[in-house]
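Notes to accompany the following structure.
Any read-out appearing in this document is the output of simple, stated calculations on the displayed coordinates, not a laboratory observation. Quantities reported herein were computed from a predicted structural model and do not represent experimental measurements. Cβ: placed from backbone, ideal geometry, glycine included. Neighbour counts: every protein chain shown.
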Amino acid sequence: MKTSNHLPMTRQKYALISLAAALAVVGVTFAQVGSAQTTGALSCTTNTPQVGINQTAVFTATGGTGSYSWSGDNLNVANPTGSQFSVSYPTVGTYIIHVMSGGQLAGCALTVTSSNSSSSNGLSCTPANQTIALGQTAYVSASGGTGTYAWSAPGLTITNPYGTGFNANFATAGAKTISVMSGTSTAVCVVNVLANSGTPTTPGLPDTGGGYGHW
């Protein structure tokens with residue numbers, strides 16, 4: 001009778017061992033089962049699939065684990081992390097940008113042409129791509145267009161949106177976009193803000209910006 005009483009427990013133990021072995025075959029442990037259920041499908045999107053030489057495209061990652069690592073064809077990456085990533089290329093061609101999150105990989109294609117088809121009237125924002133440390137000020141300027149410029153940027157409190165130039169201070173690290181409009185044309189500059197522990201930062205620095213120069 002004692003032997004028969006232990007038999008169900010033995011079978012239960014064997015069943016648990018068999019389940020663990022089956023999970024191991026597909027590379028998933030018990031701990032990973034719970035995390036896999038909360039991980040969304042990774043995707044990569046871009047604000048524009050085509051830019052001109054030295055013009056900037058911004059890529060955005062969603063899904064995955066929420067932590068992202070970027071890479072791309074012929075790129076010298078200054079900051080590979082964050083949900084957004086900006087690139088510009090000096091030569092014509094089609095380039096693939098990759099983002100990884102957990103064990104997932106997604107990609108976006110970018111076509112670089114000899115002319116900038118994303119804006120008209122020669123409107124440009126320069127520098128198209130710059131890198132600063134957290135706590136530093138970014139400076140950009142506009143040219144072309146109608147000669148009258150209006151600036152905007154997501155999350156910024158802007159004291160004066162007009163002028164040929166614009167400066168911005170950002171409270172967080174990451175890829176930031178600054179847009180300028182002239183007539184019906186829009187151009188974009190990207191600022192990569194790095195969390196540099198060696199650079200003094202202002203505690204609680206707000207997201208602020210303002211235009212300057214002729215307007």
- Item | Ascending count of other beta-carbon atoms within 10 Å, so fewest first, for W70, W151 | W70, W151
- Query: Taking the alpha-carbon centroid of each part, what is the distance from region 135-172 to region 174-194 in angstrom?
  - Reply: 8
- Item | Value of D in µm² per second that Stokes-Einstein yields for region 47-130, Kirkwood Rh from Cα pairs, at 10 °C (1.306 mPa s) | 118
- Task: Would you calculate the separation in nanometres between label points at S43 and S67, each defined as 7 Å from the Cα along the Cα-to-beta-carbon direction?
- Result: 2.4
- Highest mean first, what order results for 102-111, 182-191, 71-80 on Cβ atoms within 10 Å? 182-191, 102-111, 71-80
